[in-house]
Amino acid sequence: MKTYNYLEVNAGKGIGFALAYVALIVILSFVFGGFLGLADAVNNFGSSKVLGFLVGIACIAPIFFLMKFIYPKINLTTNDKYVLVNRKNQPDLIINYDQINAIALNAQRLNTLTIYGQSNEVLFHIQPFNNHHFMAELVKEITSKNSYKKSVTQKRMLNTNYDMVVYQRG
């Protein structure tokens with residue numbers, strides 16, 4: 001029994017947060033009379049140490065917000081019969097090894113893993129923000145339970161070649 005932990009990439013929430021952050025800057029600039037008015041307000045603020053501290057908080061705080069709320073922590077636990085996916089505020093997902101028809105590593109994008117069911121439906125998609133190295137271990141763990149045929153295809157992205165590996169149940 002092994003447990004893997006990672007932070008999941010959620011592009012929808014990330015884009016929404018980025019748009020809200022840019023909208024906040026634009027709204028502040030309108031309140032202070034445009035970007036030049038915002039710059040004048042910053043210049044007339046007073047103490048540069050306090051201003052530096054406040055700007056530092058305004059720039060760094062969203063990063064911690066992203067890490068905590070936009071990238072949820074996922075726990076994967078494997079044993080002899082299934083993979084257990086534990087996500088906060090969602091019910092646990094149990095994927096039996098007999099349900100798995102194919103596993104695709106780096107198929108849609110680099111550092112992604114997709115697990116397909118018997119009728120080629122996506123059972124689970126893994127796109128970690130951190131800890132990309134566990135995916136090869138997870139694939140090895142799953143493929144050791146049944147027989148799979150491995151096919152490797154070269155893909156190219158930004159002048160870099162990488163392997164797309166698909167394990168099909170044989």
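Annotations for the structure displayed:
- For the pair Gln108 and Asn146, the difference between a 0.36 nm per residue extended length and the Cα-Cα distance amounts to 11.3 nm.
- Here the sum of -39500 (n - 2.57) over DSSP H runs of 4 or more residues, divided by the residues of the chain, equals -11500 deg cm²/dmol at 222 nm, to the nearest 500.
- Springs between Cα atoms under 10 Å define the GNM used for the chain, and in it the highest mean-square fluctuation of Phe64, Phe53, Phe17 occurs at Phe53.
- Protection proxy ranking, peptides 102-111, 23-32, 132-141, average beta carbon neighbours within 10 Å, highest first: 102-111, 132-141, 23-32
- Counting only residues at least eight positions apart within a chain, or on another chain, the lysines with an alpha carbon under 24 Å from that of Lys81 are Lys2, Lys73, Lys140, Lys145, Lys149, Lys150.
Read the figures in this text as sums done on the coordinates, not as results from a lab. As the structure is a computational prediction, the values presented were derived from the model and not from experiment. Glycine gets a Cβ as well: all are built from the backbone with ideal geometry, and neighbour counts include every protein chain shown.
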